[in-house]
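Report on the structure given below.
Nothing in this text is a laboratory measurement; each read-out follows from the coordinates by a stated rule. Small disclaimer: the values here were computed from a predicted structure and weren't measured. Don't worry about glycine lacking a Cβ; one is built from the backbone with ideal geometry, like all the others, and counts go over all protein chains shown.
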Amino acid sequence: MSATDAKGTAFTHIPVIDISPLFSDDIEARRKAAAEMAEAASKVGFLYVKGHNIPRPMIETLEKRAADFFAKPLDEKMDLYIGKSRAHRGYVPTGEEGFYSAGNPAKVDKKEAFDLSVEL
């Protein structure tokens, strides 16, 4: 993760974290994997994981469904707009979020997203 800090300095690669220790009985190995995830999330903001044991066909199905959803017309995606959710889940259109830094106005975020979580 070189050249990254909490101020958002550019990074040179996306961290790849092996999470297989999280499924073991070795508490120290689990702590190490968790610490690596925390560092990547706090310094880069995202990461790749390996060792998750999710079957490849399931990943391919998810990728296809995501591509199909984001290819829909905006009005269809807005039916699931995050602003309609009481639990902050749903579609986030391009420009909805911004990047903020001290003394600088927000820069419009150019991504669209779908925020989801386990329902409690």
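Whole-Hz Karplus values for region 48-59 come out as 9, 10, 10, x, 8, 6, 7, x, 3, x, 5, 5 Hz, taken residue by residue from phi with 6.51 cos²θ - 1.76 cosθ + 1.60 and θ = phi - 60°; glycine and proline positions read x. Each residue, D109 and T61, gets one label point 7 Å from its Cα in the Cβ direction; the gap between the two is 2.9 nm. The H on the amide N of I17, modeled in the peptide plane, is under 5 Å from the matching H of Y48, V49, K50, each at least 5 residues off or on a different chain.
In terms of its C-alpha gyration tensor, region 11-120 has an oblate overall shape, because the principal axis ratio a/c (a ≥ b ≥ c, square roots of the eigenvalues) is not below 1.5 and a/b does not outweigh b/c.
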